[in-house]
Each structure stands twice: as structure tokens, then as C-alpha cells.
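What follows is a set of notes on a single structure, which appears directly below.
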Ligand code: GRF
């Protein structure tokens, strides 16, 4: 058996996807090698510490520009020597240089069925557009924000009477199944590709 896929999870806030990812980590699948937060007060960071995970804060307010921030972030990521970097509620736009450097190793979860509703406030926009289906997408990160190749999606039927908050809660529950499932699939593919 090959070693588990080494994952770094990058967060900015609540960290509920981090929690779901961590709870589904298995020695024959993937492991959370480290957690990086762009905010020192992210609730997800407290969870990571309580679980004994190795954490780093790369505080966005400490860097004068995006290039300097991304260089510091890359240094923190590389210190964990990860196979894959999973953005989970990371609230910053990354520079093109950073994204290209990690091409194929950088993934993100977005709360809509991409390519529908890239950007923010997806649940309200989905309700206003009157779509029948909504959901979440895990995708590779490319320089086009929320535009990279799709790895997996989870969908639900929209109730036109529900509020954006209600819809958000239902989509978030889907995210917590989708992200670990996609990671397990990527880890499995890697195992199969390993030399016998
Ligand atoms: C999720 O809805 C995710 O799709 C989006 O940001 C939110 C993060 O939530 N990118 P959490 O921090 O994982 O709880």
C-alpha cells in the first residue's frame, strides 16, 4: 500500500469543510498533513489545533501586496510537502503565478453548480434566477476564478419558497459529503497509478 495522499487544507473562516475532510481521512486514502489559515481568528484553526493538526497562519493583513502574500503562502505550503492543496473557504484571489505553479495540485470547493454562479452570494442568486437545481462543485484552480476543470459535483432540487440561508445550509451539507468523496477518489486514482 502506498502512503496516503498528503493534503494541505487552506482556510479563512468557519472550517466546516476542513472538519468533514479531516473526519474522512484514512491511512489508505488521504491525510491532512497541515492546515493553513489566512486569518489568525478563523474558527477552523481552533478546530485544527484541537485535533492536533499542524497549523500555520499566513495572515493576509501582514503583506503589502498579493505577490508577497502568495510567496509566503507558497513557502508555508511547500514546508508540508503536500501532494495536493485543498482550498476550503479560502477567501482570497490568488495570483496567476501562484495558480500556474500549483497547476493540477490545487483544488477548491465552490457553492454552486459551476459554470453557473461563479463568485459570491451564490444561493441568493440561484433563488433569484429561479433555477430548479443547485449544488456544489469541486474543481481544479486555474487563473480564471471558479473556472477550472470540474472534478465532482453534488446537486439538489431547489424549493422556490426557501430562503438563501436555508438553501445555503442544504448545500453546505452536500459539500461535506462531496469534498471528502472527491479527495478519496483522487487518492484512489493515485494508488492505482502507483508502480506495482
Ligand atoms: C463553503 O460554502 C465553500 O463552498 C465556500 O466557502 C464556504 C466555506 O465554508 N468556498 P467552511 O469554512 O468550510 O465552513
| query | What relative contact order, as a whole-number percentage, does segment 37-168 give when Cα pairs under 8 Å and 6 or more residues apart are counted? | reply | 18 percent
| task | Mind sorting 102, 30, 69 by how few other Cβ atoms lie within 10 Å of their own Cβ, fewest first? | result | 102, 69, 30
| Full extension from residue 65 to residue 50: what is 0.36 nm times the residue separation minus their Cα-Cα distance, to one decimal in nm? | 2.2 nm
| query | Ranking 134, 101 by Cβ neighbours within 10 Å, fewest first, what do you get? | reply | 101, 134
| query | Once every DSSP H run of n ≥ 4 in the chain is given -39500 (n - 2.57) and the sum is divided by its residues, what mean residue ellipticity at 222 nm do you get, rounded to the nearest 500 deg cm²/dmol? | reply | -12000 deg cm²/dmol
| request: Using DSSP, restrict attention to beta bridges with both residues in the chain and report what percent are antiparallel, rounded to the nearest 5. | output: 40 percent
| query | Ranking 70, 121, 193, 83 by Cβ neighbours within 10 Å, fewest first, what do you get? | reply | 193, 121, 83, 70
| field | Stretch gain in nm, segment residue 105-residue 1, where the contour uses 0.36 nm per residue and the Cα spacing is subtracted | value | 35.3 nm
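Read the figures in this text as sums done on the coordinates, not as results from a lab. Because the structure is a prediction, the values reported are computed rather than measured. Reconstructed Cβ throughout: ideal geometry from the backbone, glycine too, with neighbour counts over all protein chains shown.
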